[in-house]
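Following: one structure in structure tokens, then a few remarks.
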Amino acid sequence: MKVVKFLLGSALGAILILVAIGFFLPSHWRVERHVVIKATPDRIYPYIANLKNGWPQFSAIDQEERDMSYEYQGPEVGDGAIRILHSKSGGNRVQKITKADPNNGIDYEISMQGGGFVMYGSINMRPDTDGTKVIWVNAGDMGANPMYKIMGYLMDSLMGKALQKSLDNLKEKVEGTSTKTNISSSAE
């Protein structure tokens, strides 16, 4: 009985310490990764601005979550393109491109939990001496909940590898294709 009380007390103490730490953590989080691709933005843009035919070719999350199904709304490419992701393991998400520029990249948002959690992202393209530097940023705000703030603190370790793998996949796809891609880069 003493062992059970000790274990319960220790577990409760650990939870209280985590909650206390959470109160002091920032609510805002940000994850950033980049890669240099030996190509011009016009070769990269068709992949990043096309949620239906571009993203599945490089996104590590698309490739790892096999139980996902998709619905698409709005234009196929660029500003206003929407895909709704249904997943048993990752929940439902709505991804929307909010800004698109063939020379500079895209901004997007992903809404989860019926809009209760929104992540803001961008994939930007900048000139580099070796081609184009592609910078992927995801960010969000976890609010005042200390447990969510702890999750926000862990976002870099939770999401960073997937972003880097996606960028590496994008680099491989773009550098491995001819000068013409078969992905639509405009609403035709």
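Since every read-out is calculated from the coordinates, none of them should be taken as a lab result. The model shown is predicted, which means the values in this text are computed figures rather than measured ones. Methodologically, a virtual Cβ is constructed for each residue, glycine included, from the backbone with ideal geometry; neighbour enumeration extends over all protein chains shown.
For the reader, a short list of remarks on this structure follows.
- Hydrophobic long helices, here whole DSSP H runs in the chain with Kyte-Doolittle means of at least 1.0 and Cα atoms spread over 27 Å or more along the helix axis, are found at 2-24.
- Spin-label pair Tyr120/Ala11, simplified geometry with 7 Å Cα→Cβ offset, distance in nm: 4.0
- Rounded to two decimals, the Cα radius of gyration of the chain over 2.2 N^0.38 Å is 1.23.
- Taking N as its residue count, the alpha carbon Rg of the stretch 89-153 over 2.2 N^0.38 Å: 1.37
- Residue-count net charge about Leu25 - beta-carbon cut-off 15 Å; Lys, Arg +1, Asp, Glu -1: 0
- Candidates Ile110, Ile17, Ile61: whichever shows maximal mean-square fluctuation once the chain is modelled as a Gaussian network with Cα springs under 10 Å: Ile17
- Expected 222 nm ellipticity per residue - DSSP helices of 4 or more, -39500 (n - 2.57), all of the chain, to 500: -11500 deg cm²/dmol
- Spatial separation of Cα centroids for the stretch 87-140 and the stretch 61-82, in angstrom: 12
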